Amino acid sequence: MSRDFDKWLSGFRDSIADYKYYVDFEKVFSNVDSVRIELNILNSLIGSKNIELDFERIVARYPETLRCIPILLAKRGTEIKAMDADGEFCYDFNGLSCSIDQYKVFMRKTGLFDLMEHHIIHNLFDYVTGVEVGLDSNGRKNRGGHLMEHLVENYLVRVGLVEGET
């Protein structure tokens with residue numbers, strides 16, 4: 001039995017991507033909505049003339065705003081490790097596990113204070129929506145795998161090799 005490799009390749013599709021392949025906006029909007037209130041509280045830091053004092057007041061009154069900090073750095077989870085000449089630190093943003101002063105150090109050294117203080121961004125909700133889109137686009141490899149599974153399963157069902165639903 002001879003095989004024609006070119007003929008076989010010509011049957012391939014250029015893409016298996018459906019419309020949801022690129023970004024799962026439903027998931028993005030759900031993730032952003034889960035921190036909407038906290039982001040809007042932190043929005044008061046944008047353009048602040050005394051950002052460290054304002055941050056201190058916000059965190060003292062609304063410690064739950066800390067849970068937004070990792071997503072501002074495109075990081076999932078609540079724990080971030082950082083080290084420099086001053087030592088190694090583990091920050092937990094699921095409540096106050098450090099002093100507010102240490103969180104201020106984190107905000108300054110990561111550049112988050114600069115981002116807000118110098119009005120580089122205008123709205124944290126929109127900014128985090130963009131971050132979430134970026135993080136979700138990294139999930140394409142998983143979506144691509146699921147799309148391929150679905151495509152192969154549909155083909156196998158159509159040719160009668162597999163019983164099941166399409």
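The values are calculated or read from the model by the stated rules, or taken from the named source; none is laboratory data. Fair warning: this is a prediction, and the values are worked out from it, not measured in the lab. We place every Cβ from the backbone using ideal geometry, glycine too, and count neighbours over all the protein chains shown.
Among the listed residues A17, A60, A74, A82, identify the single one that is small (G, A, S), under 23 Å from the mean Cα position of the chain (by Cα) and not in a loop (DSSP other than H, G, I, E, B). Exactly one of A17, A60, A74, A82 is small (G, A, S), under 23 Å from the mean Cα position of the chain (by Cα) and not in a loop (DSSP other than H, G, I, E, B), namely A82. Please count how many residues of region 62-91 are closer than 19 Å to N31 by Cα and of a type in the set (D, E, K, R). Counting residues in region 62-91 that are closer than 19 Å to N31 by Cα and of a type in the set (D, E, K, R) gives 5.
Considering region 47-57, the residues that are in a helix (DSSP H, G or I) and free of Cβ contacts under 8 Å to residues at least 24 places away in the same chain include one that is surrounded by the most Cβ atoms within 10 Å (Cβ to Cβ), namely D54. Considering the conditions (1) of a type in the set (D, E); (2) at pLDDT 95 or above; (3) over 24 Å from H119 (Cβ atoms), E88 is excluded by exactly one of them, (2).
Say whether the condition of being part of a helix (DSSP H, G or I), at pLDDT below 85 and at negative phi is met by at least one residue in region 124-131.
As a first pass, look at region 124-131 and keep what is part of a helix (DSSP H, G or I): 124-131.
Pick out the ones that are also at pLDDT below 85 and you get none.
Checking region 124-131: not a single residue is part of a helix (DSSP H, G or I), at pLDDT below 85 and at negative phi.
Look at V105 and say whether it is modelled with pLDDT of 90 or more, surrounded by 15 or more Cβ atoms within 10 Å (Cβ to Cβ), aliphatic (A, V, I, L, M) and farther than 27 Å from F29 by Cβ. So V105 fits the description; yes. Please tell me if Y91 is touching a residue at least 40 places away in the same chain (Cβ under 8 Å), in contact with a helix residue (DSSP H, G or I) (Cβ under 8 Å, 6 or more places away or on another chain) and more than 17 Å from V35 (Cα to Cα). No, not satisfied.
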